[in-house]
Each structure stands twice: as structure tokens, then as C-alpha cells.
Amino acid sequence: EGLYSNSTKFTLCMAICGNAGGHCWLSFELKKGTTIYDTISFLHDMMNNLGKGNQPVHHTFLCDNLLSHMNALVCHVVHQGGHSLLFCPPYKPRNGPIKYVFNHLQHELLIRLHKIMNQQELEAAIYS
């Protein structure tokens, strides 16, 4: 146990819209791993904020191959919302832009690691 021990686990769910606005959705929780139900809850929150206005908008979600993303229930939720899923080829991170975003976030957090002393500061660094 210590300030930077591995005993505390956090989960970060993230989605980035590829349009000019580049909207980003984040969910940060003190827990280990992402379940199917976490993914569905995150998708519901995100889809409730998509296409607000007069015209419904169809989106294609580019996903990595995390098991919770590939679950039939998750796919059903996305399709019921009028959207579609596209999965990145396994072991081809250059085809998954979200990998670049996560790598950049990890790099930025490593630079600031000596300044982050608690969960609130970690969360602030992620959202900044």
C-alpha cells in the first residue's frame, strides 16, 4: 500500500465523436474492469445526447475488441438506437483512433503523475 500502489483500480469509458465538434463522453469510476452493463449504461447516456434536434442522426460506432463491446446485448442496444457498430481488426491499433487518444491520455497522465495525489486530482487531470 502506498500513494502509487496497484491496489486501487479505476475504469475509464470514453467515446469521441468524429465530427467537426469532436464531442467527447467520459465515464470515470473507482472500480476494476468494464462489464456489459457498464457499456450499455454508457451507450445509453451517450446516445441520449446524440442527434438532438429535428432530424435523427445515424452514427457508426468504431469499437475496439473488448469483450463487453462485442456482446449481443450491447449490439442490440446500438442497433435499436438506429446506429451501427464497426469493430477494429484485432491487433491493428493504427486502425483504431481511440487507441491514439488513450495513448495520449496515458502519456499526459505520466507527465503529471508526481502532481496527482488523490482520486479527485486524477479525475481532474483526465477531464482537463
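With the simple spin-label model, which puts each label point 7 Å out from Cα in the Cβ direction, the CYS75 to TYR127 separation comes to 3.5 nm. Counting only aspartates and glutamates at least 8 places from LYS115 when in the same chain, those with an alpha carbon closer than 18 Å to its own are GLU123. Computed over the alpha carbons of the range 65-116, Rg followed by Dmax gives 15.3, 45 Å. Between PHE28 and HIS58, what is the FRET efficiency for a Förster distance of 25 Å, r being their Cβ-Cβ separation, to the nearest 0.05? So, using R0 = 25 Å, E works out to roughly 0.30.
Values quoted throughout were computed directly from the atomic coordinates according to the rules given, and no laboratory measurement underlies them. Since the structure is predicted, the reported quantities are computational estimates derived from the model, not experimental observations. Note that we place each Cβ from the backbone using ideal geometry, even for glycine, and neighbour counts take in every protein chain shown.
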